[in-house]
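Pasting in a structure now, in structure tokens, and then I'll have a few things to ask.
The values are calculated or read from the model by the stated rules, or taken from the named source; none is laboratory data. From a predicted model like this one, the values you see are computed outputs, not experimental measurements. Because the Cβ atoms are built from the backbone with ideal geometry, glycine has one as well, and the counts that use them run over all protein chains shown. To get the accessible areas, we keep the full protein, side chains included, count just its heavy atoms, and leave off ligands, DNA and RNA. Shrake-Rupley method; radii C 1.70, N 1.55, O 1.52, S 1.80 Å.
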There are 2 protein chains.
Amino acid sequence: MSNPVLVEVLRGDRLESAHRGAVTVCDATGRALLEIGDVARPVFPRSAVKAIQALPLVESGTADALGFGDKELALACASHRGEARHVELARSMLAGAGLDESALECGSHWPGDHDATVALARSGQLPTALHNNCSGKHSGFLCTCRHMGLAHRGYVAFEHPYQATIREVMESVTDAPHDAENSATDGCSIPTYAVPISNLALGFARMAAGERLPAARAKAAKRLFSACMAEPFFVSGSDAADLSLMQAAPGRIFVKTGAEGVYCAAVPELGLGIALKCDDGAGRAAETMVAAVLARLLKSDEAVSTRLAELARPAITSRKGVPVGKVRPTEALTA
Amino acid sequence: MSNPVLVEVLRGDRLESAHRGAVTVCDATGRALLEIGDVARPVFPRSAVKAIQALPLVESGTADALGFGDKELALACASHRGEARHVELARSMLAGAGLDESALECGSHWPGDHDATVALARSGQLPTALHNNCSGKHSGFLCTCRHMGLAHRGYVAFEHPYQATIREVMESVTDAPHDAENSATDGCSIPTYAVPISNLALGFARMAAGERLPAARAKAAKRLFSACMAEPFFVSGSDAADLSLMQAAPGRIFVKTGAEGVYCAAVPELGLGIALKCDDGAGRAAETMVAAVLARLLKSDEAVSTRLAELARPAITSRKGVPVGKVRPTEALTA
């Protein structure tokens, strides 16, 4: 594994740190428009595939039965930052299925959003499983289990029938095997499966184009992407890269971060899917990578492309807020 | 720059992420015992050289004049976690020189320690410059300026005479030039200078061995290292890697982290200095690297070496606390 340097971190004008990675962009037939680095090495997509994992929520009729709108569907695909609006919406999704946070098996952690952490501490409370960045996904799982008549206890386990349902969906969308051999456990206790980024990009291209999927699945994919693009705050949160990226081209790009430097994204109008992994797992580098690739794909729209290129080059500031360096994509990404 | 992979991050049994880097260990004459990767590339040491930057505090007589003991000297070399004991000690150091936090030019940020952040939020207060992880270093700077009769305002600027003093010390200890050409601005607003890790290791070896330095400087170095090894909490804080590492071999190893994946360390009994940089800037990888190198250097003491080797292999856990992966050094580091 020796992928090229795709992101540089400068202090003053000098290189301070560098990030390697692999990136691919393809259409729904699997035809690659861009391939950088080793796109065949299996990587754990982690939270970047939540939109695929949310397909059964829609396909099963659960979302309709519970009257879920864009916000709820966006939260089901989210790595949210534990802000009050995220927490309350996850609570309400569970309540619709007659459940509460005690059903969540994702564990708890303090909010990803610093202001939300301070507010929670000031209130004298502790975080619950609703604050877990994955609580929307888990709430969607639980609602679907209830709707399908599955006993939900243990729904996070590889052996639970709902995880088998998710494996089937992930396999059909990405064409990659998902089984015990390539599985490990994600931070929120559900299985995650190592697959090549070429398969991840293929899956997101199919969902974006609505092609090479069963009709009901294509329709569900379109609905989930539309919901996320309409309500990007509920996919992410204040100051999140995913929010800034989706706001840069409203309704035109879907992006989703995953832990350890993974991104999956899609540009429906171009029918393209994008997947990337920063070798070292750095989120800052993955954010620059996806922004730079999107800027390139949307270069025909100068305003949007310029904004995305800016997002690919965040300043590094001192504790007094003075710019002292920057992060930037290398020519391997921009040329 | 294509340094070898020195640290692997596994999820289950599969490689999830990998970190490259360069490491060197040498004695006070510059003779290298270990060289991995490009040890000549200039890197910004950031906070890893605070013990060198603290030499004038001792050499000038300031520390004695103000009655500073091990705790104060340790805090002057620290990247502390903003816990109450750190904050109060920095305040008292400044008070000894007739100053208060308004003299600090490092900027403020919430404590690095999560419990300290929650406690501060619950108290209804906001962080001050005393909570900045560098406040001990800055307090040492300010005390020394006062003792030397220097106007302290603007003490963080490259042009301030105190920064010239620090440059002279850094050059004499490391043999590397420190000037405008290789300088940039650190997060706490003072200059940081890009130098090869071979020079950083040389400097720490000289300080550890007390050799090839003027007698007063060698004595000051010994006093600072002794203080840090006696009071490692004040160099770092609860749950910090530097605390665990120094506690693994009490009084026998000095370690100091720097931002963006740098470590400097020393083993006085062996007269050796260590410096390393993780290419991508990851702290977790730098921690594993320094622990693995120290385990190797101290292998004649099986208990200590075993503990250090454990610290080089931290578990990755789910949000429910279940181990789901681990970080580990590669054979390039351990063989």
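Out of the residues in segment B:140-175 that are over 15 Å from B:ILE190 (Cα atoms) and of a type in the set (Gly, Ala, Ser), state the one that is nearest to the chain's Cα centre (by Cα).
Top of the filtered list is B:SER172.
Find the residue count for segment B:226-270, including only residues that are surrounded by fewer than 24 Cβ atoms within 10 Å (Cβ to Cβ) and aromatic (Phe, Trp, Tyr).
Residues meeting the conditions: 1.
Where residues in segment A:64-79 are crowded, with 23+ Cβ neighbours inside 10 Å and in contact with a Phe, Trp or Tyr (Cβ under 7 Å, 6 or more places away or on another chain), which of them is farthest from the other protein chains (Cβ to nearest Cβ)?
A:ALA74
Right, B:GLY325: in contact with a strand residue (DSSP E or B) (Cβ under 8 Å, 6 or more places away or on another chain), outside any helix (DSSP H, G or I), within 11 Å of chain A (Cβ to nearest Cβ) and open to solvent by 10 Å² or more (accessible area, probe 1.4 Å) or not?
Considered against the rule, which asks whether it is in contact with a strand residue (DSSP E or B) (Cβ under 8 Å, 6 or more places away or on another chain), outside any helix (DSSP H, G or I), within 11 Å of chain A (Cβ to nearest Cβ) and open to solvent by 10 Å² or more (accessible area, probe 1.4 Å), B:GLY325 comes out as yes.
Identify, from the list B:LEU142, B:LEU120, the residue that is assigned to a helix (DSSP H, G or I), within 14 Å of chain A (Cβ to nearest Cβ) and either touching a helix residue (DSSP H, G or I) at 6+ places or on another chain (Cβ under 9 Å) or within 25 Å of B:PHE68 (Cα to Cα) (or both).
B:LEU120
I've got another one for you. So, in segment A:123-139, how many residues would count as being buried (at least 24 other Cβ atoms within 10 Å of the Cβ) and in a loop (DSSP other than H, G, I, E, B)?
Count: 3.
Another question, if that's okay. Return yes when A:ILE197 is at pLDDT 95 or above, more than 30 Å from A:VAL304 (Cα to Cα) and under 16 Å from the mean Cα position of the chain (by Cα) and no when it is not.
Criteria not met by A:ILE197.
Checking the structure you have, find out if any residue of segment A:302-310 is surrounded by 23 or more Cβ atoms within 10 Å (Cβ to Cβ), closer than 18 Å to A:ALA265 by Cβ, touching a Ser or Thr at 6+ places or on another chain (Cβ under 7 Å) and more than 14 Å from every other protein chain (Cβ to nearest Cβ).
no
Condition check ((1) open to solvent by less than 10 Å² (accessible area, probe 1.4 Å); (2) at the interface with another protein chain (Cβ under 8 Å from one of its Cβ atoms); (3) touching a Leu at 6+ places or on another chain (Cβ under 9 Å)) across all residues:
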site	(1), (2), (3)
A:SER2	no, yes, no
A:LEU6	yes, no, yes
A:GLY12	no, yes, no
A:HIS19	yes, yes, yes
A:VAL23	yes, no, yes
A:THR29	no, no, yes
A:LEU33	no, no, yes
A:ARG41	no, no, yes
A:PRO45	yes, no, yes
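A further question on this structure: Considering A:VAL39, A:VAL7, A:VAL25, which residue is closer than 29 Å to B:ARG319 by Cβ and of a type in the set (Val, Ile, Thr)?
The match here is A:VAL7.
Take segment B:273-296 and flag every residue that is of a type in the set (Lys, Arg) and away from chain A (no Cβ under 13 Å).
Within segment B:273-296, B:ARG296 is the sole residue that qualifies.
Quick one: in segment A:178-211, which of the residues that are in a loop (DSSP other than H, G, I, E, B) and away from chain B (no Cβ under 14 Å) is surrounded by the most Cβ atoms within 10 Å (Cβ to Cβ)?
Among residues in segment A:178-211 that are in a loop (DSSP other than H, G, I, E, B) and away from chain B (no Cβ under 14 Å), the one surrounded by the most Cβ atoms within 10 Å (Cβ to Cβ) is A:GLY210.
So, one more: When you check A:ALA221 against the structure, is it aliphatic (A, V, I, L, M), more than 22 Å from A:LYS277 (Cα to Cα) and either modelled with pLDDT under 95 or within 16 Å of the chain's Cα centre (by Cα) (or both), yes or no?
Judged against the criteria, A:ALA221 is a match.
For segment A:161-172, check the following and say yes or no: at least one residue is within 14 Å of another protein chain (Cβ to nearest Cβ), more than 30 Å from B:GLY124 (Cβ to Cβ) and surrounded by fewer than 18 Cβ atoms within 10 Å (Cβ to Cβ).
Checked against the condition, which is being within 14 Å of another protein chain (Cβ to nearest Cβ), more than 30 Å from B:GLY124 (Cβ to Cβ) and surrounded by fewer than 18 Cβ atoms within 10 Å (Cβ to Cβ), segment A:161-172 yields no hits at all.
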